[in-house]
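Colleague: Quick one: this structure, given as structure tokens, is what I'll be asking you about.
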Amino acid sequence: MTEIHRPELHITPERGVLDAPAGVLLDGNDWHVFYQYRPEVPGPARWAHTISQGDPFSWFECDDVLAPVGGELTIRAGSVVPIDGDGTQDANLYFTSVTSAGTNIQLAKMNELTADCPLSEEHTALNPAINRVSAVLENQEGFQRFRSPCVVPNWQTPVNREAGHAGWLMLALTGDAETPTPVIATSQDGQSWDFQGELEFEGELGLDLSPEEGQLSTIVAPRILRLRDEVDGEIYDILLLTLERAGVDISGYLVGTLRGTTYHVRSGFRRIDHGHDFTRPRNTNMTTGTTLRGSTNNSTNPADYYTEAALFGFINGVGRHDDPTQHPSLTDEGWANALTLPRMISLQDGLLYQTPPAGLPEAISASERAHGYTVLCEVPADEGSALTVSLMDSNGKETARITHSGDTLSIDRSVGPSDRYRGEAPAVAELADGDSDSLTIIVDGSTVEVFADGGCVAMTSRVYFDGGCSAIEAKTTGHAKIERDWHRSAS
């Protein structure tokens, strides 16, 4: 029986509930994604491992890599980095261990990273190539409950990034769940870590982190990645933050430079995705010589890699406050939640641009049910002018509506025949001024991803179609016009 809600090109759990992306590693043309999930609801979380070879669309499951042991209550997300082994490419897995005494950050090693991973008939089997090592950050004076580690290569010198890398840098959280504190640690070998202290900010953040009611106050799952700005040529640290407000997750980014434990802000907080369902973005680490374009980088200077990066997001608007039992995908098909397609990101004058990965049109054509629509248009910001794109279910009924009105882009799920989103406000994003506009829409199962303004705006929403999405229909009103468009669908 066809699973209508399950996407074909996105990552979903075979069964159970996907709670969050954990770590992503690109090795040549092989994508390794690790994610936190629960095989049973309720039940403790563990880490799954999935691989796609040659492109980020053809995912197959491997045996799980981490599960609670001893007195652990559950295993939460963290980070994965490549490590050179004894003639092999290995990986370090940093994860959050939860016990009745609190949380700490632990290390496990994957021996010989390979695309030929085992898959046992028993769905709870663990990969024998994973060996736990030890805790690497535990309670110490003034700081408790270490969790949510993000690990990236550190710089040889704090002032000259062109000199390349030496050792590792970790961004993590401490403190209670409602008022967490970001902290920094460093390591030369990835195993012995030196705690550096609390992360401090210099400059205007563009957000309010005070714990007052109604303010963006709770940080979850901070991440860091590096990009070279295409305008000024400098390498910056992109700080990815997910902020909880009244049970809703808001994910965005800061652009600046981390020196020691101080983050010097260049440009303040901006939403990374304006849709109904996007949270907890994760950076992608890469093995030496790997590039996102699939070619080998022969440079001896690691700083040369920062012309591009990739991130995955979690398609869920409320994060840890989610009730998966309310998802039709779980009640009808036995699974809940998905990850976005990888976003290829670049930095231009302090702004992130996100685009779908190469090969997506061909992957859609080779799928059974996915759809893609790209349009070049002109939509003046005057009253009555708009490009409206309707996503239709199998009965030909409009289930979601995407509207480009010149200066705003919106996704409206309340127009559908179901009562699920009745009365819900559309998700809205502001668009940049320009003479020409572009829009790309990807529908895959119950996932909808939209990119506009050349990737300056992204929107992700979950939409449950009766019988699946059957068509994407576009029309214009007022002075709006379509200059050229392309439809892609399953062949």
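The values are calculated or read from the model by the stated rules, or taken from the named source; none is laboratory data. Being a predicted model, the structure only gives us computed values, none of them experimental. Please note: Cβ atoms are built from the backbone with ideal geometry, for glycine as well, and neighbour counts cover all protein chains shown. Side chains included, ligands, DNA and RNA excluded: accessible areas come from the protein's heavy atoms. Shrake-Rupley method; radii C 1.70, N 1.55, O 1.52, S 1.80 Å.
Colleague: Quick check on my filter: what residues within the range 217-236 are open to solvent by 20 Å² or more (accessible area, probe 1.4 Å), over 19 Å from Glu204 (Cβ atoms) and polar (S, T, N, Q)?
Modeller: Correct list: empty.
Colleague: Go through (1) under 22 Å from the mean Cα position of the chain (by Cα); (2) surrounded by fewer than 22 Cβ atoms within 10 Å (Cβ to Cβ) one by one and return the number of the condition Asp419 breaks.
Modeller: The number of the failed condition is (1).
Colleague: Quick one: in the range 252-262, which of the residues that are of a type outside the set (Lys, Arg) and more than 22 Å from the chain's Cα centre (by Cα) is farthest from Thr218 (Cα to Cα)? Steps first, please.
Modeller: Start the filter on the range 252-262 by keeping residues that are of a type outside the set (Lys, Arg), which leaves 252-258, 260-262.
Remaining after also requiring more than 22 Å from the chain's Cα centre (by Cα): 260-262.
Working: Gly260: 23, Thr261: 20, Thr262: 20 Å.
Out of the qualifying residues, it is Gly260.
Colleague: Same structure again: In contact with a strand residue (DSSP E or B) (Cβ under 8 Å, 6 or more places away or on another chain), open to solvent by 10 Å² or more (accessible area, probe 1.4 Å), touching a residue at least 60 places away in the same chain (Cβ under 8 Å) and polar (S, T, N, Q): does that describe Gln354? Steps first, please.
Modeller: On the way: in contact with a strand residue (DSSP E or B) (Cβ under 8 Å, 6 or more places away or on another chain): yes; open to solvent by 10 Å² or more (accessible area, probe 1.4 Å): no; touching a residue at least 60 places away in the same chain (Cβ under 8 Å): yes; polar (S, T, N, Q): yes.
No; evaluated as a whole, the condition is false for this residue.
Colleague: Just checking, which of Asp453, Asp435 is modelled with pLDDT under 95 and either touching a His at 6+ places or on another chain (Cβ under 9 Å) or closer than 22 Å to Ser251 by Cα (or both)? I'd like the intermediate steps shown before the answer.
Modeller: Numbers: Asp435 fails: either touching a His at 6+ places or on another chain (Cβ under 9 Å) or closer than 22 Å to Ser251 by Cα (or both).
Matching residue, one of Asp453, Asp435: Asp453.
Colleague: Next question, about the same structure. Looking at (1) part of a strand (DSSP E or B); (2) of a type in the set (D, E, K, R); (3) over 24 Å from Ser148 (Cα atoms), which one does Asp19 not meet, given that it meets all the others?
Modeller: Condition not satisfied by Asp19: (3).
Colleague: I need a count of the residues in the range 117-166 that are out of contact with any strand residue (DSSP E or B) (no Cβ under 9 Å at 6 or more places or on another chain), more than 20 Å from Thr307 (Cα to Cα) and either open to solvent by 70 Å² or more (accessible area, probe 1.4 Å) or modelled with pLDDT of 95 or more (or both).
Modeller: 4
Colleague: Counting only residues that are open to solvent by 50 Å² or more (accessible area, probe 1.4 Å), assigned to a loop (DSSP other than H, G, I, E, B), under 21 Å from Cys117 (Cβ atoms) and touching a strand residue (DSSP E or B) at 6+ places or on another chain (Cβ under 7 Å), how many does the range 38-63 have?
Modeller: Of the residues in the range 38-63, 1 are open to solvent by 50 Å² or more (accessible area, probe 1.4 Å), assigned to a loop (DSSP other than H, G, I, E, B), under 21 Å from Cys117 (Cβ atoms) and touching a strand residue (DSSP E or B) at 6+ places or on another chain (Cβ under 7 Å).
Colleague: Which is basic (Lys, Arg) and without any contact (Cβ under 8 Å) to a residue 24 or more places away in the chain, of Arg462, Arg422, Arg484, Arg488?
Modeller: Working: Arg462 fails: without any contact (Cβ under 8 Å) to a residue 24 or more places away in the chain; Arg484 fails: without any contact (Cβ under 8 Å) to a residue 24 or more places away in the chain; Arg488 fails: without any contact (Cβ under 8 Å) to a residue 24 or more places away in the chain.
Checking each option against the conditions leaves just Arg422.
Colleague: Let me ask another. Could you check the range 27-37 and list, in sequence order, the residues that are within 16 Å of Trp335 (Cα to Cα) and open to solvent by 10 Å² or more (accessible area, probe 1.4 Å)? Full working, then the answer.
Modeller: From the range 27-37, those within 16 Å of Trp335 (Cα to Cα) are 35-37; that's our starting set.
Hits for the range 27-37 are Gln36, Tyr37.
Colleague: What are the pairs with Cβ atoms under 6 angstrom where one residue, in the range 152-180, is on the phi < 0 side of the Ramachandran plot and touching a residue at least 12 places away in the same chain (Cβ under 8 Å) and the other, located anywhere, is outside any strand (DSSP E or B) and open to solvent by 30 Å² or more (accessible area, probe 1.4 Å)? Sequence gap at least six, or different chains.
Modeller: Ala163/Gln156; Ala163/Thr157; His165/Pro302; Ala166/Gln156; Thr174/Arg145; Thr179/Pro211
Colleague: Would you be able to say whether some residue in the range 64-73 is modelled with pLDDT of 95 or more, not in a loop (DSSP other than H, G, I, E, B) and not charged (D, E, K, R)?
Modeller: There is at least one residue in the range 64-73 that is modelled with pLDDT of 95 or more, not in a loop (DSSP other than H, G, I, E, B) and not charged (D, E, K, R).
Colleague: Would you pick out the residues in the range 155-173 that are within 18 Å of Glu200 (Cα to Cα) and either in a helix (DSSP H, G or I) or under 22 Å from the mean Cα position of the chain (by Cα) (or both)?
Modeller: Leu169, Met170, Leu171, Ala172, Leu173
Colleague: Mind listing just one residue for me: the one in the range 243-257 that is of a type in the set (A, V, I, L, M) and in contact (Cβ under 8 Å) with a residue 40 or more places away in the chain and, of those, nearest to Ala20 (Cα to Cα)?
Modeller: Step one: of the range 243-257, the residues of a type in the set (A, V, I, L, M) are 243, 246, 248, 250, 254-255.
From the residues that got through so far, the ones that are in contact (Cβ under 8 Å) with a residue 40 or more places away in the chain too are 248, 254-255.
Values: Val248: 15, Leu254: 21, Val255: 24 Å.
This residue is Val248.
Colleague: Looking at the range 393-409 only, could you name the residues that are surrounded by 20 or more Cβ atoms within 10 Å (Cβ to Cβ) and not in a loop (DSSP other than H, G, I, E, B)?
Modeller: Of all residues in the range 393-409, those surrounded by 20 or more Cβ atoms within 10 Å (Cβ to Cβ) come to 393, 399-400, 402, 404-406, 409.
Correct list: Asp393, Thr399, Ala400, Ile402, His404, Leu409.
Colleague: Can I ask one more? Val33: touching a residue at least 12 places away in the same chain (Cβ under 8 Å) and either acidic (Asp, Glu) or outside any loop (DSSP other than H, G, I, E, B) (or both), yes or no?
Modeller: Details: touching a residue at least 12 places away in the same chain (Cβ under 8 Å): yes; either acidic (Asp, Glu) or outside any loop (DSSP other than H, G, I, E, B) (or both): yes.
Yes, satisfied.
Colleague: Considering only residues that are assigned to a loop (DSSP other than H, G, I, E, B) and open to solvent by less than 20 Å² (accessible area, probe 1.4 Å), look in the range 432-463 and name the one that is nearest to His371 (Cα to Cα).
Modeller: The initial filter retains those residues of the range 432-463 that are assigned to a loop (DSSP other than H, G, I, E, B), namely 432-436, 445-446, 456, 463.
Now restrict to residues that are open to solvent by less than 20 Å² (accessible area, probe 1.4 Å): 445-446, 463.
Numbers: Gly445: 9, Ser446: 11, Val463: 14 Å.
Checked the range 432-463; the qualifying residue nearest to His371 (Cα to Cα) is Gly445.
Colleague: Does the range 187-203 include one or more residues that are outside any strand (DSSP E or B), under 22 Å from the mean Cα position of the chain (by Cα), within 25 Å of Ile235 (Cα to Cα) and modelled with pLDDT of 85 or more? Spell out how you get there, then give the answer.
Modeller: Just the residues of the range 187-203 that are outside any strand (DSSP E or B), to begin with: 188-192, 199, 203.
Checking the rest, the ones that are also under 22 Å from the mean Cα position of the chain (by Cα) come to none.
No, that holds for no residue.
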